[in-house]
1. Between residues in region 1-21 that are without any contact (Cβ under 8 Å) to a residue 40 or more places away in the chain and surrounded by 10 or more Cβ atoms within 10 Å (Cβ to Cβ) and residues that are assigned to a helix (DSSP H, G or I) and polar (S, T, N, Q), which pairs lie under 9 Å by C-beta distance while being six or more apart or on different chains?
2. Any residue in region 38-58 that's in a helix (DSSP H, G or I): show its pairings with residues that are of a type outside the set (Gly, Ala, Ser) at Cβ separation under 6 Å, as long as the two are six or more apart or on different chains.
Amino acid sequence: MGDKLDESEIVGVKELLMSEVIQSEALINLLDSKDIISRAELLVEMKRVQATMNKPKA
């Protein structure tokens, strides 16, 4: 059986989501500033991924 989680180490959904947003924004800023990918290219890819994820499962 797994170990009991320490209550002080558990984060809420809001904190977890904010952490993901901060990480994503930092990566986007770095990729854009280094001309690895433009924000326009990122938007196209985000739309492609979203369309893939929204497809109904057969």
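Just so you know, all these numbers are worked out from the coordinates, no wet-lab data involved. Only a predicted model underlies this, so the values are computations on that prediction, with no experimental measurement involved. Here the Cβ is made from the backbone with ideal geometry for all residues, glycine too, and neighbour counts use every protein chain on show.
1. Sorted first by the residue in region 1-21, then by its partner, the pairs are Val11/Ser19.
2. The qualifying pairs are Arg39/Asp32.
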